[in-house]
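Note sheet for the following structure.
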Amino acid sequence: MDQNRTSMLASAIVIGGGVLWAFYWLPVRYLMDAGLPGAWGTFAITAGAGLLLMPFAFRNLTDLITGDRFAIACIALGGAAFALYSIGFVYGRVAIIVLLFFLTSVWSTLLGRYVMGWATPRMRIYAIVVGLAGLGIMLSADGSLPIPRNTGEWMALASGLLWSVATTGMKSRSNLRPVTAAFVFALGAAAASLVIALTLAPLPHIADLGAAIPFALGTGGLWWGISIAALMWATVRLEPARVGILMMSEVLIGATSAALLAGEHLSILEIIGGVLVFCSGVLEIWPIKQSHGAKNAVQSGSP
């Protein structure tokens, strides 16, 4: 498969993943109501995904033994980032959690410039300014300081930052097969969610989990197994900022689904801030499509 077709397929997979993950808050909230409070629902989902992926990953055990340690650590860190994102839905409003996570494109550009030494097109500098402005407006909509207001919002902000670090490392070093990468990703998520669950939530009552456990396994298989394996394949074939942008479908669909299904509505200032965050994503990808210099940078491996 030539480079252009590979890039198009990878992009389509990321977009499809974004649409799927836009509805991920539904099983998380269901498990919370089914007896898995706090981070326990995310732990059940990710641990179940790890169990389902284990036989496939162990067929390629050599990959884990001989694989790049830094890349494996970055994949596990990516899992921890997604775990924070998942747990955020328990403690915060869906639209705000999704928008805070999608500041990842801002963090990815800053990391690319100051850590990796990648060139930064001017439009991406504008994207950073617009994204941070949107963050400030969104978080200060109630007249308070522009900082996260609850545990879920802090988790979402941290998850976007950690995801940008993880995708930068995966892009530059990862050579694991997708299923093996998904297994490592699930283990990183399960470890992070277990630590958070033990810290923030009471132990669930095992006797009340008859329906929750099969549901958690199904959720883990679909979102953290199939979806993440596909995302792992696509992530290493696209620059980190583009991954964040292509998943922007999750922002619109997630916010709309929360408004329609959970009655979670945003204030005018929160909507303005969210629009700016979304515009930041559009500006992020603009030079890749419009700038000849940016296109050459992409072809040479820089975002």
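The values are calculated or read from the model by the stated rules, or taken from the named source; none is laboratory data. Nothing here was measured: the structure is a model prediction, and the numbers come from that model. Note that each Cβ is placed from the backbone with ideal geometry, even for glycine, and that neighbours are counted across all protein chains shown. These accessible areas exclude ligands, DNA and RNA; they are computed on the full protein's heavy atoms, side chains included. Shrake-Rupley method; radii C 1.70, N 1.55, O 1.52, S 1.80 Å.
Data table
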read-out	value
Carbon and sulfur %, accessible surface of the chain computed with the full protein complex present, 1.4 Å	69 percent
Exposure rank, largest accessible area first [Phe58, Phe278, Phe102; 1.4 Å]	Phe58, Phe278, Phe102
Qualifying trypsin sites (Lys or Arg not before Pro) for segment 168-243 [loop in DSSP, other Cβ within 10 Å: at most 14]	none
Rough spin-label spacing in nm, given labels placed 7 Å along Cα→Cβ, for Leu132 and Phe56	4.0 nm
Heavy atoms of Arg113 accessible to a 1.4 Å probe, total area in Å² rounded to 10	100 Å²
Translational diffusion of segment 137-232, µm² s⁻¹ [Kirkwood Rh, Cα pairs; Stokes-Einstein; 20 °C; 1.002 mPa s]	133 µm²/s
13 Å cut-off, amide nitrogen to a point 7 angstrom out along Ile147 Cα→Cβ, residues in segment 47-86	none
Dipole in debye (nearest 20) - the chain, about Cα centre, beta carbon charges: Lys, Arg +1; Asp, Glu -1	860 debye
Theoretical gain in end-to-end length, Ala73 to Leu222 [0.36 nm per residue, Cα-Cα removed]	51.3 nm
Accessible area of the chain divided out per residue, in Å², using a probe of 1.4 angstrom	43 Å²
Among Leu231, Ala259, Leu203 - extreme Cα towards positive end, dipole of the chain, charges at beta-carbon	Leu231
Helical contribution to [θ] at 222 nm, DSSP H n ≥ 4, -39,500 (n - 2.57), averaged over the chain, rounded to 500	-24000 deg cm²/dmol
Rounded to the nearest 20 debye, dipole of segment 108-236 from Cβ charges on Lys, Arg, Asp, Glu	640 debye
Kirkwood-based shape ratio for the chain, expressed as Rg/Rh from alpha carbons	0.96
Extended-chain gain in nm, criterion 0.36 nm per residue less alpha-carbon gap, Leu261 and Thr6	88.2 nm
Residue-level accessible surface for Leu20, protein heavy atoms, 1.4 Å, Å²	50 Å²
Signed unit charges on C-beta, dipole axis of the chain, positive-most listed residue Phe89, Thr46, Gly131	Gly131
Potential extension, Leu252-Leu198 segment - 0.36 nm per residue separation minus Cα distance	16.2 nm
By accessible area with a 1.4 Å probe, ligands and nucleic acids excluded, highest first: order of Ile128, Ile226, Ile213, Ile137	Ile226, Ile213, Ile137, Ile128
Accessible-area order (highest first, 1.4 angstrom probe) of the listed residues Tyr30, Tyr24, Tyr91	Tyr30, Tyr91, Tyr24
